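A.B. asks: To start, I am sharing the structure in question, which I have written as structure tokens.
The values are calculated or read from the model by the stated rules, or taken from the named source; none is laboratory data. Computed from a predicted model, the values in this text were never measured in an experiment. Reconstructed Cβ throughout: ideal geometry from the backbone, glycine too, with neighbour counts over all protein chains shown. SASA here: full protein model, heavy atoms, side chains in, ligands and nucleic acids out. Shrake-Rupley method; radii C 1.70, N 1.55, O 1.52, S 1.80 Å.
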Amino acid sequence: MVLLGSPPATADSGGGTDGGGLELAVTLDDRPIANATVTVDPAKQIELTVTATNGGGTALKVRSVRVSGVALALTFFAYDTTAPFEVPAHSRVTRTFVLDMADLSGQAIGLLPSTVELLDAQRGTLGEATTVADIRGSFWSVYGAFGLAMLVLTVLAWLTALLALARHRLPANRWGRGLRFLPAGFGTGLVAVVSLSVLRLVAPEPAVEIPVVLGAAVIAFLLGYLTPHPAPGPADDETVRFPDGTKEFTP
């Protein structure tokens with residue numbers, strides 16, 4: 001539900017020039033971030049240059065710039081730098097910020113969809129630009145630990161479902177058996193998304209993560225749905241006798 005409720009961000013979601021917002025052009029260490037994957041090394045300072053174009057008829061006051069990274073609808077890092085400036089109507093202003101993101105090593109690793117935003121005094125977004133950041137962080141960062149935790153929970157979910165299958169303890173109803181396998185499939189999809197990101201193969205953007213997670217969940221549900229009916233146990237009214245025939249009880 002969280003994934004389905006998080007549409008991908010766009011570069012003009014801050015309102016666009018027609019709606020009174022700012023159109024941004026951003027470079028990171030003199031490299032444009034649009035339609036590119038930019039490398040972020042937490043051990044080095046980053047020079048962020050933002051060119052804001054105001055196509056509206058009112059001057060806009062910027063209070064701060066924010067750099068953030070999101071995956072699976074969760075924000076794994078966010079850096080705010082206060083640097084007030086004004087963009088007059090029908091004008092263009094360029095500002096350069098030097099960011100120290102040393103703490104990023106313990107927050108993220110791999111490919112993450114990232115956003116550069118200009119915020120006003122009320123923390124509203126005046127304009128934003130998106131990119132994919134290749135974070136050279138630690139495997140034991142928050143994002144790496146999140147993926148490891150999901151892996152452990154997914155393995156436990158599969159073991160629980162398969163043990164119930166082996167012991168003939170799954171629900172008699174096919175839909176119930178499918179739902180028993182559903183969490184394991186959902187977890188498998190999440191682990192796949194995080195793994196592809198950490199290995200720097202595919203960024204966890206909504207267009208990728210939603211099909212992968214939902215596809216894995218559907219496959220797991222079908223596996224549970226198609227499992228054989230559990231073997232029937234003893235009848236509730238079955239009478240058990242001792243060898244000497246003198247005692248009996250009903251289990």
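A.B. asks: Scan the range 55-74 and report the pairs whose first residue is assigned to a loop (DSSP other than H, G, I, E, B) and whose second residue is surrounded by fewer than 20 Cβ atoms within 10 Å (Cβ to Cβ) and of a type in the set (S, T, N, Q), with Cβ atoms within less than 9 Å and a gap of 6+ or a chain change.
C.D. replies: GLY55/THR17; GLY56/THR17; ALA59/SER91; LEU72/SER6; ALA73/SER6
A.B. asks: Mind checking which residues of the range 161-194 are closer than 14 Å to ALA216 by Cα and of a type in the set (S, T, N, Q)?
C.D. replies: THR188
A.B. asks: Scan the range 47-59 and give yes if some residue there is closer than 30 Å to LEU190 by Cα, in contact with a Ser or Thr (Cβ under 7 Å, 6 or more places away or on another chain) and not assigned by the TED database to the domain that holds VAL193, otherwise no.
C.D. replies: No - not one qualifying residue is present in the range 47-59.
A.B. asks: Condition first: without any contact (Cβ under 8 Å) to a residue 24 or more places away in the chain and not in a helix (DSSP H, G or I). Now tell me which residues in the range 124-160 satisfy that.
C.D. replies: The one that is without any contact (Cβ under 8 Å) to a residue 24 or more places away in the chain and not in a helix (DSSP H, G or I): GLY124.
A.B. asks: Can you find even one residue in the range 97-108 that is assigned to a loop (DSSP other than H, G, I, E, B) and of a type in the set (Asp, Glu)?
C.D. replies: Yes: one or more hits.
A.B. asks: For the range 178-201, check the following and say yes or no: at least one residue is in a loop (DSSP other than H, G, I, E, B), open to solvent by 40 Å² or more (accessible area, probe 1.4 Å) and on the phi < 0 side of the Ramachandran plot.
C.D. replies: Yes, there is a match, as at least one residue in the range 178-201 is in a loop (DSSP other than H, G, I, E, B), open to solvent by 40 Å² or more (accessible area, probe 1.4 Å) and on the phi < 0 side of the Ramachandran plot.
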